[in-house]
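Quick notes on the structure that follows.
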Amino acid sequence: MSKIFLSVALLLTFGLTTTMAQAQGQSHSGTDAEQRACARDVSRFCRQVIDQGDFTILACLQQHRPKLTKACHQVLLSHGQ
């Protein structure tokens with residue numbers, strides 16, 4: 001379960017492009033609440049790719065967007081995804 005939280009946090013951290021993060025002078029990581037909001041969806045829909053990196057998990061969540069919980073969908077939207 002902690003691996004899922006870490007993956008979601010890293011996913012949200014790298015959700016912005018490197019250029020945007022550098023331009024803003026800060027990096028964004030998911031809050032505990034954001035991590036909890038998507039942990040179930042990552043576990044449910046993306047378990048098979050959880051070891052393949054954050055961008056793969058992001059792509060998986062995007063592919064399953066219609067099935068995501070409202071909370072996780074909102075997290076993705078709030079990070080420009």
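The values are calculated or read from the model by the stated rules, or taken from the named source; none is laboratory data. In this text, all values refer to a predicted model and were calculated from it rather than measured experimentally. Cβ atoms come from the backbone with ideal geometry, glycine included; neighbour counts cover every protein chain shown.
Close Cβ contacts (under 6 Å, 6 or more residues apart or on different chains) running from residues in region 46-66 that are closer than 16 Å to G80 by Cα to residues that are at pLDDT below 90 and hydroxyl-bearing (S, T, Y) comprise I57/S7.
Of all residues in region 56-81, those satisfying the criterion of being of a type in the set (A, V, I, L, M) and touching an Asp or Glu at 6+ places or on another chain (Cβ under 6 Å) are L68, V75.
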